[in-house]
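**Q** Okay, handing you the structure first.
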Amino acid sequence: MKPTQLPKNPCFSSGPCAKRPGWTLDALKGAATGRSHRAKIGKTKLGEVIERSKKVLGMPSDYVLGIVPASDTGAIEMALWSMLGERGVDVFCWESFGSGWATDCKSQLKIADLRVIKADYGKLPDLSQADWSRDSVFTWNGTTSGVRVPNGDWIAADREGLAICDATSAVFAMEMPWEKLDVVTWSWQKVLGGEGAHGMIALSPRAVKRLETFTAPRPLPKIFQMSKGGKLMGGIFEGETINTPSMLCVEDALDGLKWAESVGGLAGLVERSQANLKALEDWAAGSDWAGFLAEEKGIRSSTSICLKVKDPKFNALPADDQAKHAKAMVSMLDKEGAAYDIGAYRDAPVGFRIWGGATVETQDILALVPWLDWSYSEVRKSF
Ligand SMILES: Cc1ncc(COP(=O)(O)O)c(C=O)c1O
């Protein structure tokens with residue numbers, strides 16, 4: 001039967017993600033539009049994004065945090081380009097984004113001593129292969145496969161190399177073991193539902209030391225430079241951005257952070273995301289057609305929740321037909337206003353990806369599941 005109740009907010013995209021509950025354009029009223037980001041008003045707001053982020057995330061006081069150009073990609077690339085090459089590099093990857101960083105290390109940075117430790121979609125690579133005399137690059141949450149690193153136990157506390165972590169779909173929804181991480185990057189449009197534009201980069205004292213003692217053997221564009229004459233460019237980490245930010249996006253980031261504080265800070269955000277995963281897990285446990293791409297519970301993402309079809313009749317269909325049916329379901333749900341943007345990532349196996357980050361209400365996930373069942377029963381009529 002076709003469900004009658006729609007999710008209040010059908011935005012389940014994995015980026016840009018749903019705005020926080022109750023968000024309207026009024027949230028941007030106080031934006032310092034038309035003002036210089038270097039004036040007191042602009043710089044104060046940028047500094048406030050940094051300070052509130054550090055506080056909500058419980059970042060160690062000796063870590064620095066900066067706002068940088070080009071979203072998460074900009075943040076992680078500036079780390080790779082400016083820090084790698086001092087020693088061997090391991091890249092752990094298990095989906096599209098991590099694989100992209102491995103390709104950059106190989107083909108762009110031409111790291112001579114490079115190991116790429118891989119796994120297929122739905123699985124985690126063998127983390128015990130980590131060699132902490134080397135630098136390691138990895139995502140915390142593989143957004144396109146719904147597989148996350150379960151914890152930081154595999155990262156050596158006494159490491160010599162740097163742990164460089166693209167954490168864009170994890171930060172604010174998952175506990176991060178900061179002491180085990182030297183570079184952590186994210187963007188604004190994920191768990192707090194901000195506007196896409198800028199990246200955030202957190203550096204441990206060891207990462208700062210790398211920037212101050214190592215000169216990368218390659219040209220570095222201005223937007224990748226974090227040190228000058230052997231000194232960290234400290235201003236970047238106090239709100240003096242390298243280039244011009246959007247003050248509307250800054251205001252929106254502040255709105256997201258204030259909302260995060262109002263729902264109980266990090267613990268509240270993690271709880272909201274976990275509740276979303278649980279709602280889908282409870283439903284999938286009783287489903288005869290849907291399952292998780294990440295079969296192992298401990299590595300399952302609570303933000304980018306990736307589902308596959310487990311019905312043997314579906315899986316016996318030619319790959320093109322499977323893709324066609326999944327696409328038809330996604331279009332049907334979009335048309336009904338039940339769910340937007342839930343198709344699996346273009347390079348991932350056929351299926352669905354439902355964002356379960358903190359801005360998504362569990363009530364909306366609960367309202368979505370009958371629609372998933374309905375859309376499957378509709379396409380199932382044809383095979
Ligand atoms: C793990 C991961 N890395 C990188 C990116 C790219 O981020 P951005 O578009 O913010 O540069 C994404 C976007 O979804 C992501 O999920």
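None of the figures in this text is laboratory data; all of them are computed from the coordinates on show. All values derive from a computational prediction rather than experimental measurement. Cβ: placed from backbone, ideal geometry, glycine included. Neighbour counts: every protein chain shown.
**Q** For the chain, find the longest principal axis of its Cα atoms and tell me its angle to the long axis of helix 71-83, 0 to 90°, nearest 10.
**A** 40 degrees
**Q** Hey, got the dipole for the chain? About the Cα centre, +1 on K and R Cβ, -1 on D and E Cβ, debye to the nearest 20? Please report the intermediate quantities before stating the final value.
**A** Working: 46 positive and 47 negative charges, 150 e Å.
Here the chain has a charge dipole of around 720 debye.
**Q** Calculate, for Lys118 and Ala156, the FRET efficiency according to 1/(1 + (r/R0)^6) with r their C-beta to C-beta distance and R0 25 Å; round to the nearest 0.05. Don't skip to the answer; put the middle values down first.
**A** Numbers: r = 21 Å, r/R0 = 0.85.
Here the calculated transfer efficiency is 0.75.
**Q** If one takes the longest principal axis of the Cα atoms in the chain, at what angle in degrees, from 0 to 90 and to the nearest 10, does the Cα axis of helix 265-285 lie?
**A** 30 degrees
**Q** Run the quick spin-label model on Arg346 and Asn315: label points 7 Å from Cα toward the beta carbon, then report their separation in nm to one decimal.
**A** Placing both labels 7 Å along Cα→Cβ, they lie 2.8 nm apart.
**Q** Among all the lysines, which ones have a C-alpha under 23 Å from Lys258's C-alpha, if same-chain residues fewer than 8 places away are not counted?
**A** Hits, sequence-local ones excluded: Lys8, Lys19, Lys29, Lys40, Lys43, Lys45, Lys54, Lys55, Lys190.
**Q** If we sort 185-191, 356-362 on the protection proxy, mean other Cβ atoms within 10 Å, highest first, what's the order?
**A** On the way: 185-191: 28.3, 356-362: 25.7.
Put in order of decreasing packing, that is 185-191, 356-362.
**Q** Sticking with this structure for a sec: Hey, if you drop one equal point scatterer on each alpha-carbon of segment 282-332 and run the Debye formula without solvent, what base-10 log of I(q)/I(0) do you get at q = 0.14, 0.30, 0.32 Å⁻¹?
**A** -0.41, -1.19, -1.22
**Q** Pairing the Cα long axis of helix 362-380 with the longest principal axis of the chain, what angle in degrees results, from 0 to 90 and rounded to the nearest 10?
**A** Helix 362-380 sits roughly 50 degrees off the main axis of the chain.
**Q** Same structure, new question: Efficiency by 1/(1 + (r/R0)^6): what FRET value for Glu212 and Asn243, r their Cβ-Cβ distance, R0 = 35 Å, to the nearest 0.05? Spell out each step's value before the answer.
**A** On the way: r = 22 Å, r/R0 = 0.64.
That gives a FRET efficiency of 0.95.
**Q** Follow-up. Pick from Ile365, Ile50, Ile223: which is most flexible by mean-square fluctuation in a GNM of the chain where alpha carbon atoms under 10 Å apart are linked?
**A** Residue with maximal mean-square fluctuation among Ile365, Ile50, Ile223: Ile223.
**Q** Something else about it: What percentages make up the Cα-Cα pair-distance distribution of segment 65-170 when the bins are 10 Å wide from 0?
**A** Per 10 Å bin, starting at 0, the Cα pair percentages come out as 15, 51, 32, 2.
**Q** Please work out the Cα center distance from segment 208-225 to segment 1-71, rounded to the nearest Å.
**A** With segment 208-225 and segment 1-71 each reduced to a Cα centre, they are spaced 28 Å.
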